[in-house]
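Before any comments, here is the structure.
The values are calculated or read from the model by the stated rules, or taken from the named source; none is laboratory data. Just so you know, these numbers come straight off a predicted model, no measurement behind them. Cβ atoms come from the backbone with ideal geometry, glycine included; neighbour counts cover every protein chain shown.
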Amino acid sequence: MTPEYSIQLGERRVSGLDPCYVIAEIGVNHNGSAELAHELVDAAKKSGADAVKFQAFRTDALVRAGTRKADYQADQTGSGTQDEMLRRLELPVEAFAGLKQHCLDVEIDFMCTAFDEQSLADVIALSPICLKWPSGELNNIGLLRQAAQAGLPVLLSTGMGTVDEISSACDLLRREGCDQIVVLQCVSNYPARIEDQNLRTIPQMARAFNCPTGFSDHTEGPYAALAARALGMAVLEKHFTLDRTMEGPDHQASIEPDGFAQMVLVLRQIEAGLGDGKKRPMGCEEDVRQVARKSLVFRSDLPAGHVISDQDITAKRPGTGVAPDQIERFIGRALMRSVVRDEQLGVNHVG
């Protein structure tokens, strides 16, 4: 379990000891359709997400013309350049304003990752619950400074990042006035293999960066996320789609509504099982405790006046009498009356 670092997202405290804050990353899985984006908001709410996250960018400000696609993008969307692909996925700022209002209406938090200065300014103007920072911009000092000065919490994804880069980003944010930070473990591959996730960094990074930690999960299925929760994950971001077979760069690395809802259900069950970390007997154990524990009994019939030795006493079920760890209280003391074999030892047997 991670230490009890926390931040505030609105009225909600977010930490490794509180219910995990679950983000449905819609990203660009709207395929450039505002209508589909609104459908995804409703599906995410129904599936148990606490927030939805979109991606805001101006293609010309994000990427040079002719830049190649990443291999996974080419696998999912075919030939062509990255800028051609992104232009088809770009939404206008007016669409995000409508999505923000939709989120308010259905009571789900709105957030949106921005990839360029103007898009970041547009997102900040929408007053999102926080700024979700993309792994690719981890070392973009100018954009980080702009984010820090917005007065919003920052959820910092760390895919492809080194410890020094993460430390530098956190230091910059704090110097510029942002002390509400969550660092998210992330592996920037789509879909990512579970064996590459290195989830034990979650509690380690909490201690290293003095903040809550979470997990931006690009694996298939719920398993990495469930393991991360047991390690102290405070925030989960998971790619979300209506249909993994749709054309687009991120659908295959996403989870569909039914799977997302099942993941959240099991996540909440795991949280209930994690408890508070303080070892103690539970009330539900009392019945079993009485029959599974043992009490001190006499090994044989003994007369009054007999001086008790450890050879005279043994322990047998049930545990309704004197506990075995109290035996030394009776050794060397005389019996006040005679006893019979298997009689439970009690304080009234000795003077």
### Task
Filter the stretch 124-140 for residues that are of a type in the set (A, V, I, L, M, F, W, C) and closer than 18 Å to Gln180 by Cα and give the result.
Ile124, Ile129, Cys130, Leu131, Trp133, Leu138
### Task
Working carefully through the options Ala43, Ala49, Ala56, find the one that is under 12 Å from Glu237 (Cβ atoms) and modelled with pLDDT of 95 or more.
Ala49
### Task
Mind listing whichever residues of the stretch 227-282 are under 30 Å from Thr81 (Cα atoms), in contact (Cβ under 8 Å) with a residue 24 or more places away in the chain and loosely packed, with under 14 Cβ neighbours inside 10 Å?
Glu247
### Task
Scan (1) part of a helix (DSSP H, G or I); (2) free of Cβ contacts under 8 Å to residues at least 60 places away in the same chain for the single condition Ala150 breaks and write down its number.
(1)
### Task
Kindly check whether there is at least one residue in the stretch 161-178 that is at negative phi, hydroxyl-bearing (Ser, Thr, Tyr), in a helix (DSSP H, G or I) and in contact (Cβ under 8 Å) with a residue 24 or more places away in the chain.
yes
### Filter pass, Asp258 being part of a helix (DSSP H, G or I) and assigned by TED's automatic domain parsing to the domain that holds Gly32
yes
### Query
Restricting attention to the stretch 164-179, does a residue exist that is crowded, with 18+ Cβ neighbours inside 10 Å, over 25 Å from the mean Cα position of the chain (by Cα) and under 26 Å from Ala192 (Cβ atoms)?
no
### Query
Which one of the conditions (1) under 13 Å from the mean Cα position of the chain (by Cα); (2) in a helix (DSSP H, G or I) does Met233 fail to meet, given that it meets all the rest?
(2)
### Filtered residue count, the stretch 299-351, keeping only those that are touching a residue at least 40 places away in the same chain (Cβ under 8 Å), out of contact with any Ser or Thr (no Cβ under 8 Å at 6 or more places or on another chain) and either assigned to a strand (DSSP E or B) or among the aromatic types (Phe, Trp, Tyr) (or both)
2
### Task
Only one of these is acidic (Asp, Glu), closer than 21 Å to Ser135 by Cβ and touching a Pro at 6+ places or on another chain (Cβ under 9 Å): Glu220, Glu237. Name it.
Glu220
### Message
Can you confirm whether Glu286 is of a type outside the set (A, V, I, L, M, F, W, C), part of a helix (DSSP H, G or I) and closer than 24 Å to Leu156 by Cα?
### Response
no
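Residue-wise test of (1) within 26 Å of Gly161 (Cα to Cα); (2) within 24 Å of the chain's Cα centre (by Cα).
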position: Glu94; (1), (2): no, no
position: Val106; (1), (2): no, yes
position: Glu117; (1), (2): yes, no
position: Leu131; (1), (2): yes, yes
position: Arg145; (1), (2): yes, no
#### Entry: Selected residue (criterion: nearest to Val22 (Cα to Cα)) from residues of the stretch 48-95 that are in contact with a helix residue (DSSP H, G or I) (Cβ under 7 Å, 6 or more places away or on another chain) and β-branched (Val, Ile, Thr)
Val52
### Query
Does Pro212 fit the bill of being at pLDDT below 95, touching a strand residue (DSSP E or B) at 6+ places or on another chain (Cβ under 7 Å) and within 29 Å of Ala227 (Cβ to Cβ)?
no
### Summary
The condition of being closer than 26 Å to Ala192 by Cβ and not acidic (Asp, Glu) holds, among Gln146, Gln101, Gln118, Gln82, only for Gln82
### Task
With the condition kept exactly as written, say whether any residue in the stretch 209-216 is more than 23 Å from Leu9 (Cβ to Cβ), assigned by TED's automatic domain parsing to the domain that holds Leu17 and in a strand (DSSP E or B).
no
### Message
Let me spell it out: the conditions are (1) within 12 Å of the chain's Cα centre (by Cα); (2) of a type outside the set (Asp, Glu); (3) buried (at least 23 other Cβ atoms within 10 Å of the Cβ); (4) more than 20 Å from Val266 (Cα to Cα), and Pro203 meets all of them except one. Which number is the exception?
### Response
(3)
